[in-house]
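Take a look at the structure set out below.
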Amino acid sequence: MVAFSSKAGQNVRQMAKRRRWQSWRAFFGALMLPLLVVFMFPILALQLGFVIAISLVAIAVFGAIAFVFRGLDLWEAADRADLGARAEEQVAEVLQTLEPKGWEFQYGMRLDQGLGDADVICVSPRKKTYVIDVKSHKGTVIFQDHRLHRRMGRTIYPFKKDFLQIVMKQALQVRDKKQWDFVTPILVFTRAQLAVSQKKIRGVYVIAQDDLVNKLQELG
């Protein structure tokens, strides 16, 4: 297998850092915008009139509020990215037990067509190949209306993205890029409880992190 410098979770960690930097920039903008307008208020009042100057101050305040909300959204997105990175790192630790048995793993292969990256690519000692997409969501995962849903308490709702479709597309793209005959897609949840079939769902294995090693050994 071609060696890659990426380690598990590295791409997502970098994305989290970018989002935090963007968040700090938004907070800085929220601070500086009203200060700048207030500092310039005497000049604005003389040149444009008091009413227009006050209007500009109000606009600056609303702009600062928008920057704050943008910063908070980016900070939450960075938190989610860090959580996803930790999940990928946990899966990598679990998979280390297979390395002495001849398994090979590649992390964070960049993909095209808006598919992000392949979290884990596996090659078994028998040269069977797999793509693993790692998810860190909580709740109970169920299959309903031909797609995965999440149950939180008494509430059931679909995931925002069709994870089954995404990991299938990732497997097909990895197959084409690597020029392999077939790649099996696997969706792994690190924190959720699973209430789904152990067999393939729409061509994808959906399993919990604790069952990953056994499933890979079973598939060979």
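Run the numbers on the chain and let me know its relative contact order in percent, using alpha-carbon pairs under 8 Å that are six or more apart. Please list the in-between numbers first.
Values: 338 pairs, mean separation 39.0, N = 220.
The normalised contact order for the chain reaches 18 percent.
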[x] 147; [y] 115; [z] 162, with the label sought being that of the calculated volume of the Cα convex hull per residue in Å³: [z]
Candidates F39, F105, F28, ranked by Gaussian network fluctuation over the chain, Cα under 10 Å, top entry: F39
For segment 182-213 and segment 150-164, distance of Cα centres in Å: 16
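I'd like the per residue volume of the convex hull spanned by the Cα atoms of segment 98-219, given in cubic angstrom. Mind showing how you got there, number by number?
Values: hull volume 12.6 nm³, N = 122.
Residue-normalised Cα hull volume stands at 103 Å³.
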Rounded to 5, percent antiparallel among DSSP beta bridges of the chain: 60
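Let's see if you can work this out: charge +1 on each Lys and Arg Cβ, -1 on each Asp and Glu Cβ, no other charges. What is the dipole magnitude of segment 48-179 about its Cα centre, in debye to the nearest 20? Walk me through the numbers before you get to the answer.
Values: 20 positive and 16 negative charges, 118 e Å.
The dipole magnitude comes to about 560 debye.
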Top of I52, I166, I156 by mean-square fluctuation, Gaussian network on the chain, Cα under 10 Å: I52
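Only the coordinates and a few stated rules stand behind these numbers; no lab work does. All values derive from a computational prediction rather than experimental measurement. Ideal geometry is used to build each Cβ from the backbone, glycine not excepted, and the neighbour counts take in all protein chains shown.
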